[in-house]
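I have placed the structure first, in the form of structure tokens, so that the comments after it can refer back to it.
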Amino acid sequence: MNNPFKYTLDNKRYHTFNYYLKTKYNKKAAKIILNGGFSCPNRDGTKGYGGCTFCSLSGSGDSNLFKSADIMTQYAENKKIMLKKWPDILFIPYFQSFSNTYGPLDKIKAMIEPFLTLDEVIAIDIATRCDCLKEEVITYLDKISQKKEIWLELGLQTSNEKTAQMINRGHTFQEFVTALERLKNTNIKVCVHIMNSLKGEDAEDMLQTVKDISHLPFDAIKIHMLHIIKDTKMALEYAREPFPLLSMNEYINIVIKQLELLDPEVIIERLTGDPIKEELIAPLWTLNKIAVLNGIDKRMAELNTYQGKYYEDNHF
């Protein structure tokens, strides 16, 4: 069956980050996870919310492994590991844990600027929140985007306000929309995170989140399955009153429908997560990432569907 999707090098039916990087830089590139030493207004008491209920002690990231080391030491250690696997590769420093624009501009500059002169670095990726983007920060990031591609990763998870309150996200959907509007006239690229299987949401709610964001100005998306992680508020809630989680098959079907609603120009950076086995409570099927991705590919081929198939139908 012929693949009707044009943005592919490996017969995928969605616009992979690998395709974007290889066609732009003519070489493989990989992210290097780093810890910038930042916190989060939703955790440190500034906003009084106490953190998103699903968020781990490491801020939904693995970079806590390098918390005591300086940035360039972290980078050198991770780079050495990457080069053993891929000897000829380019790099993207990725500040993953917590909110890496939540702090004084001087601290943000100190985190980023060592990488601006490295030829092997093609982009800098910064995870943060929509409510941690002061105008001076946006101006600075836009300015340095002339030297390196700058990405901001913004965790939305859901457009449903009731769910957002339940997971203690600490900002509204409108605040998220406003942040994207402020960024759209800059050269800063934006990756949006959404999460499937949040408590109380059915398939229509998950699809509605994609419908609600599909007309907004962003460049990429990461789609996650909810992980119940040890030592989180959600783990305590789940222990008291377990709620239904999607099966692998249900998740695959929903992700495909979400892809069909997205603009084919939007880059798909992730379609499932990488839980740490020792920390994961449920669902255990998420440990088999390859099976999930292969299942999505196989089902899309069987359905002869592709990213963006119904995108125009969703924009009257």
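Coordinate-derived values only; no laboratory data. These numbers come from a predicted model, not from an experiment. Here the Cβ positions follow ideal geometry from the backbone for every residue, glycine too, while neighbour counts run over all protein chains shown.
Some points to look at:
- Loop trypsin sites (Lys or Arg not before Pro), segment 170-275, which have at most 14 other Cβ atoms in a 10 Å radius of their Cβ (DSSP): K184, K230
- With a threshold of 23 Å on the Cα-Cα distance, the over-threshold entries among K80/K298; K199/K257; K79/K147; K134/K184; K199/K230 are K80/K298.
- Label-point separation, K143 to K230 (7 Å along Cα→Cβ), nm: 4.6 nm
- Unpaired by the 4.7 Å Cβ criterion, cysteines found in the chain: C40, C130, C132, C191
- Helix-only [θ]222 nm of the chain, DSSP H runs n ≥ 4, -39500 (n - 2.57) each, per residue, nearest 500: -10000 deg cm²/dmol
- In a simple Cβ point-charge model (Lys, Arg +1; Asp, Glu -1; nothing else charged), the chain has a dipole of about 720 debye relative to its Cα centre.
- Exposed-loop-free span, longest in the chain, where GluC sites (Glu not before Pro) count as exposed if DSSP calls them loop and at most 15 other C-beta atoms lie within 10 Å: 121-264
- Each label was represented as a point 7 Å from its Cα along the Cα-to-Cβ direction; for E250 and K22 these points are 3.5 nm apart.
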